[in-house]
Amino acid sequence: MSEQGFSIQPRPDLQPRDQPTVSEQSAAPYSSRSSLVISGVCAGILVAALGTILWFSATLPKLQRFEEPDRALDLMVSRMLTVQDSFRRAPEWQQWLTDWTMGSDDEAREQAIQWYRELVETTDDPLSKLRLAILLGESGQETAALAETKGWKNRGTSPLLFERLIDAAYGTQALDRTHEAELQATLAEALPSGWFYDHLAARLARRVGDQELLATVEAQTVRRQDQVLQRISPLIAFELICLVIGSIMLVGIAGLWGQRIDSLRLHLPGVPPPWSGGTAAAVILRGGALGAIMTVSMLSTSSFEHAFHVLAIPLANLPLLALAYVQLLKPAGLTFRNGFGLRIKRENLGRLVCTVLAVVAAGLWGEWVMGRAAEFLNLNDHWTEWFDQDLAWGAPPVMAVSILEYVIFAPIFEELAFRGLLFAMLRRRFAFLPAALISASVFALAHGYSPIGFLSVFWSGFLWAWIYERTGSLIPGMVAHATNNLLVCLTVTALLR
């Protein structure tokens, strides 16, 4: 089949597997007994590396991932609830759309309460306890807020002052102007300007009818809401545009399902690849084991400065890609460009854009379905899994390095490794579905996330395997992967910086 236009070809998942390729007819480079032993050792290293990731994910307290978890949670919850409050002033249709895509304000507050309960159980920080009480009080749980303060007695001067603040704001005792002024001064010293300060200060002002202070606090709150909304609204609009256009593309692709005319094909050979599955397995095991060893060595070296951590991904993948070129691509007469479809002809650019939008939309729909299912089952991913300190408060060079890693290096090298090599190797033996499920599972496990995070990454990995199957090129998956990571990075920076 020519790479241009539409043409007819057998479906890849119906091609026979028992006919040897050129490279399979030659002597297998890793078939000796000593080579099998080496492959077994490398497999053990990879299993140990994956097991270590899963063990740390399951046993290491997630709050220990940050030096300042109280600061991180304060920033995230404050901004998240500020966004929710800002949409209360929006038109009704926009409020409905926000609830549909982001969840309701009540859900956000309940989640924040759970996060703060976890934090106060592991830290003795008085401010975190004060913020938990404010969350409870502002969520209509005044009795629970007052009950929280009972455990603060005899814990020092600060908890005693904070107890008076909560009692005055959410209790039933009378409050005069003089006492309120003293409490407002204490509050201003204790909490920085933000959601927690604004809500408690406004609550105290309302109790005594201090309209001047109340107007000042509310104006400050609205100004902060507008600033956050200005940063987050374009991203929400962009996601909705991608969702709408991509959904139209998905409907079009679904209409072509089962036809022998492969309208998405961008490149040949694609999958299954024209090299031995056994040789590919040996390459993956050896290259992956060397990459794991290099990663541990680099990240455990004190001289490997943070600015150079971005090189960990390309350097760790260098052994794998070098072996793949020498043992897989070169014997088949291929290069990286034509072996993985890393060049798209100009006449196929429109098809590429439509394909990427369809995959991005499928990813967003999957995230929405998983979000609703998680709410129904009362499951939540942990906030530490998507909070990134470098993006939230790192210096501009540090933030730039993180974005480069997430948006450029990770999509390129992860697609080469997990789709171009692992998924393609599995397609030598299995049909599409089991090959995609296995490769997506390994891809998700390697990230070490909670069950909800695992499902999210698994769904993305499955989609990117599917698009490689249909197009024969890794570029659509790389672009969709980069788009997904870019949206996450932009959302985090817009919300938290």
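The values are calculated or read from the model by the stated rules, or taken from the named source; none is laboratory data. What you see is a predicted model; the values in this text were computed from it and never measured. We place every Cβ from the backbone using ideal geometry, glycine too, and count neighbours over all the protein chains shown.
Data overview
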item: Subset of region 109-161 (residues that are assigned to a loop (DSSP other than H, G, I, E, B), under 33 Å from the mean Cα position of the chain (by Cα) and free of Cβ contacts under 8 Å to residues at least 40 places away in the same chain); result: D124, S139, G140, Q141
item: In region 368-389, the residues that are part of a helix (DSSP H, G or I) and either of a type outside the set (G, A, S) or in the same structural domain as E118 (by TED's automatic domain parsing) (or both); result: W368, V369, M370, R372, E375, F376, W383, T384, E385, Q389
item: F56 vs. criteria at pLDDT below 90, assigned by TED's automatic domain parsing to the domain that holds V492 and either acidic (D, E) or under 27 Å from V488 (Cβ atoms) (or both); result: yes
item: Residue count, region 29-53 (criterion: modelled with pLDDT of 85 or more and among the polar types (S, T, N, Q)); result: 4
item: Every residue from region 366-425 that is of a type in the set (G, A, S), surrounded by fewer than 19 Cβ atoms within 10 Å (Cβ to Cβ) and either within 25 Å of L474 (Cβ to Cβ) or in contact with a strand residue (DSSP E or B) (Cβ under 7 Å, 6 or more places away or on another chain) (or both); result: G366, A410
item: Tabulated pairs, region 385-409, first without any contact (Cβ under 8 Å) to a residue 60 or more places away in the chain and closer than 15 Å to E68 by Cα, second in a helix (DSSP H, G or I) and β-branched (V, I, T), C-beta under 8 angstrom, 6+ apart or interchain; result: D390/V398; D390/V401
item: Options I261, I245, I293; residue that is at pLDDT below 85, β-branched (V, I, T) and surrounded by fewer than 17 Cβ atoms within 10 Å (Cβ to Cβ); result: I261
item: S456 vs. criteria hydroxyl-bearing (S, T, Y) and at pLDDT 95 or above; result: no
